[in-house]
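Chemist: Below are the structure tokens for one structure; questions will follow.
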Amino acid sequence: QVQLVESGGGLVQPGGSLRLSCAASTSIFTISVTGWYRRAPGKQRELVASISSGGNTNYADSVKGRFTISRDGAKKSVYLQMNSLKPEDTAVYYCKANVGTYVYWGQGTQVTVSS
């Protein structure tokens, strides 16, 4: 069993920045892929960014150049740095971890981009 705890969400004005954190209860290097997903009101959950145990990253086209996923093995954490935020980035952001054949989700953190 792997627990994931997200933090760092909040209310920010358009053009602002936020940094989300996902703290895992196990070494992140045992996790094959860690991803950030989001679900906006009335929409399906979508992949925002992911990072593999080997450090390969992947981003949704809508966030390329604005968001950066990174990790800190010592802190067992994965981060999502979000810059130049837009109102359409408003959503609940979830951390997801693939460990072997198992998939684990965090509880989510709300990000609201509004003036």
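Chemist: Taking only pairs that are 8 or more places apart or on different chains, how many Lys pairs in the chain have Cα atoms under 17 angstrom apart? Before the final figure, lay out the partial values.
Modeler: On the way: 43/86; 64/86; 75/96; 76/96.
Number of lysine pairs found: 4.
Chemist: Same structure, new question: Largest first and to the nearest Å, give the Cα extent of the chain along each principal axis.
Modeler: Sorted from largest, the Cα extents of the chain read 40, 25, 23 Å.
Chemist: Within the chain, what percent of beta bridges assigned by DSSP are antiparallel, to the nearest 5? It would help to have the intermediate numbers written out before the result.
Modeler: Numbers: 39 of 42 bridges.
Among the beta bridges of the chain, antiparallel pairing accounts for roughly 95 percent.
Chemist: Please list, by residue number, every one of the trypsin sites (Lys or Arg not before Pro) in region 9-46 that is coil in DSSP and has at most 14 other beta-carbon atoms within 10 Å.
Modeler: Numbers: sites: 19, 38, 39, 43, 45; in loops: 43, 45.
Passing both the DSSP loop test and the Cβ count: 43.
Chemist: Once the Cβ-Cβ distance between residue 83 and residue 3 is put in as r, and R0 is 30 Å, what FRET efficiency do you end up with, to the nearest 0.05? Spell out each step's value before the answer.
Modeler: On the way: r = 28 Å, r/R0 = 0.94.
So, using R0 = 30 Å, E works out to roughly 0.60.
Chemist: Along Cα→Cβ, 7 Å out, is where each label goes; now give me the distance between the ones at residue 74 and residue 102 in nm to one decimal.
Modeler: 2.8
Chemist: Equivalent ellipsoid semi-axes for region 9-77, as square roots of 5 times the alpha carbon gyration tensor eigenvalues: give them largest first, rounded to whole Å.
Modeler: Result for region 9-77: semi-axes of 22, 14, 12 Å.
Just so you know, all these numbers are worked out from the coordinates, no wet-lab data involved. Note that this is a predicted model, so its numbers are computed, not measured. Ideal geometry is used to build each Cβ from the backbone, glycine not excepted, and the neighbour counts take in all protein chains shown.
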